[in-house]
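Just so it is clear, none of the values below were taken in a lab; they were calculated from the coordinates. Please read all numbers here as calculations on a predicted model, not as lab measurements. For neighbour counting, all protein chains shown are included, and Cβ atoms are generated from backbone atoms with ideal geometry for every residue, glycine included.
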Amino acid sequence: MPETALPFLPYGRQSIDEADIAAVATALRSDYLTTGPAVPAFETAFAAAVGAEHAVVCNSGTAALHMALYGVDLQPGQVAIVPAVSFVATANAARYLGADVVFADVDPQTGLMTVDTLQDAVRACGNRRIGAVLPVHLNGWIAPLAEIDAVARAHGAAVIEDSCHALGGFYADADGQGVSIGAARHSAAACFSLHPVKTMTMGEGGILTTADPALAARARLLRSHGITREPDRFLQTDQAFDGDGAVNPWYYEMQVLGFNYRATDFACALGQSQLARLPQFIRRRRELAARYDRLLPSLAPLVRPLPSQAGQQPALHLYVVRIDFAAAGLSRAQVMRGLAGLGIGTQVHYLPIPRQPFYRDLLGEPHCPGADSYYQSCLSLPFFPDMADSDVDRVVIGLARILGLSPADESSSSPEGVTL
Ligand SMILES: Cc1ncc(COP(=O)(O)O)c(C=O)c1O
């Protein structure tokens, strides 16, 4: 079969089935497009799925991070420590509140914040008050939460987990217990994105989970303009209640400066339907990762998968390899273009945030050798639940061809893939 006839493999893609479509259609035909029953129903189901006490759904992962940082009272002029490798939203959420961002470098092998890089960042803060630390579970591998939490507590800072890549992951805690990402055992809150390339989707959407009922209540307030309609939370009782003590039917109160971060009922219906498929998505992601893990050693040492982290059972969002482009005699762009020519999409996650023009202007020239090293060699390969095993083989063979590790006419049809 000519290669051009093969479907293009993007690096990530949503999986939508007829049940998802029916769930959204049902919500669209219902009385509520927004602020209806699909919202709390989804929150309850999501909280149960990730072992959280409370879940607050909103319209993006960025909104979840912003609400979480607002919820822990991050103040203008305080510091938020953010790993240098993440999506820009992790840092931006702190900037929205006027906090100063101090970037922690990352482990060059994994892209994760470590206790040592966090300690370095703490030292770089000098006398400034640290309000929040935001570990990012990059690609789905889990940052060392208990240790990060201990450092943050010692400085009076709240931990907010950026769990946008890590839905479905588990790690073993010091007591040997398996802890689900989202349980927020070592953080004030965990924040998820339900963008289409993520492990499950609402179209656009986000969720904050927490064990703290006050933080959950505050996030609910922030999500909808800072307005409450709950009579037992009203502050102005003279305005809120009639002479006979009954609540005035029109009355609501704006108590803090909030936002419109509400998620629609049809997005929550999609979320709920996807949640029912989450175990299957995770299982498939693990199978695909295991297949890449098994096949990629044939491309060593030019290509190396990320190292596994002990004590973790991740549900990877991205499958990232590190490539020695210099040894291959090719730039990363040449490799990406070559793969695109074979119908294989790839992406780079991420240019270190302090290297973005906005943060460079704000903070000057960064010093983040671990982040630079990770960034220079990383490449995200196609990885989404609707991929076939043969798609993984095709990617590995394509990569081998582009890197000059196999004859240019190697066929992608070899059954076990990859006798290179
Ligand atoms: C690590 C990380 N943090 C935050 C976000 C922001 O999520 P959203 O795009 O839903 O606002 C993303 C999504 O791309 C992400 O990957």
(message) So, restricting to strands (runs of 3 or more DSSP E) that lie completely within region 85-169, which ones have at least 1 residues that are within 16 Å of the ligand (Cβ to nearest atom) and surrounded by fewer than 24 Cβ atoms within 10 Å (Cβ to Cβ)?
(response) 100-104
(request) Consider only pairs whose beta carbons are under 9 Å apart and that are at least six residues apart or on different chains; among these, list those whose first residue lies in region 15-30 and is aliphatic (A, V, I, L, M) and whose second residue is exposed (fewer than 14 other Cβ atoms within 10 Å of the Cβ). (result) A27/L33
(message) Take the conditions over 17 Å from A216 (Cβ atoms), over 19 Å from the mean Cα position of the chain (by Cα) and of a type in the set (D, E, K, R) and apply them to R95. Does it pass?
(response) no
(message) Test of understanding: among A267, A263, A276, which residue is within 16 Å of the ligand (Cβ to nearest atom), under 30 Å from T26 (Cα atoms) and out of contact with any strand residue (DSSP E or B) (no Cβ under 8 Å at 6 or more places or on another chain)?
(response) A267
(request) Go through region 1-32 and give me each residue that's under 30 Å from P213 (Cα atoms), in contact with a helix residue (DSSP H, G or I) (Cβ under 6 Å, 6 or more places away or on another chain) and of a type outside the set (S, T, Y). (result) A23, V24, A27
(message) Based on this model, can you work out whether R229 counts as basic (K, R) and within 29 Å of L318 (Cα to Cα)?
(response) no
(request) Any residue in region 183-201 that's away from the ligand (no atom under 12 Å from the Cβ): show its pairings with residues that are in a loop (DSSP other than H, G, I, E, B) at Cβ separation under 6 Å, as long as the two are six or more apart or on different chains. (result) A183/G51; A183/A52; A184/A211; A188/V72
(message) Give all pairs with beta carbons closer than 6 Å in which a residue from region 43-61 that is under 19 Å from H186 (Cα atoms) meets a residue that is part of a helix (DSSP H, G or I) and of a type outside the set (V, I, T); count only pairs at least 6 apart in sequence or on separate chains.
(response) A49/L275; H54/A216; A55/E43; A55/F46; A55/A47; V56/A216; V56/A219; V56/R220
(message) Can you pull out every residue in region 292-327 that is in contact (Cβ under 8 Å) with a residue 40 or more places away in the chain and assigned to a helix (DSSP H, G or I)?
(response) Y292, L295, L296, S298, L299, F325
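Given the criteria touching a residue at least 40 places away in the same chain (Cβ under 8 Å), more than 24 Å from A91 (Cα to Cα) and assigned to a loop (DSSP other than H, G, I, E, B), does L330 qualify?
Judged against the criteria, L330 is a match.
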(request) State the number of residues belonging to region 62-84 that are surrounded by fewer than 24 Cβ atoms within 10 Å (Cβ to Cβ) and within 22 Å of H349 (Cβ to Cβ). (result) 1
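Go through region 153-178 residue by residue and tally those that are in contact with a helix residue (DSSP H, G or I) (Cβ under 8 Å, 6 or more places away or on another chain) and either of a type outside the set (A, V, I, L, M) or touching a residue at least 60 places away in the same chain (Cβ under 8 Å) (or both).
First, the residues of region 153-178 that are in contact with a helix residue (DSSP H, G or I) (Cβ under 8 Å, 6 or more places away or on another chain): 155, 158-162, 164, 167-168, 171, 173-174.
From what is left, the residues that are either of a type outside the set (A, V, I, L, M) or touching a residue at least 60 places away in the same chain (Cβ under 8 Å) (or both) are 155, 158, 160-162, 164, 167-168, 171, 173.
Number satisfying all stated conditions: 10.
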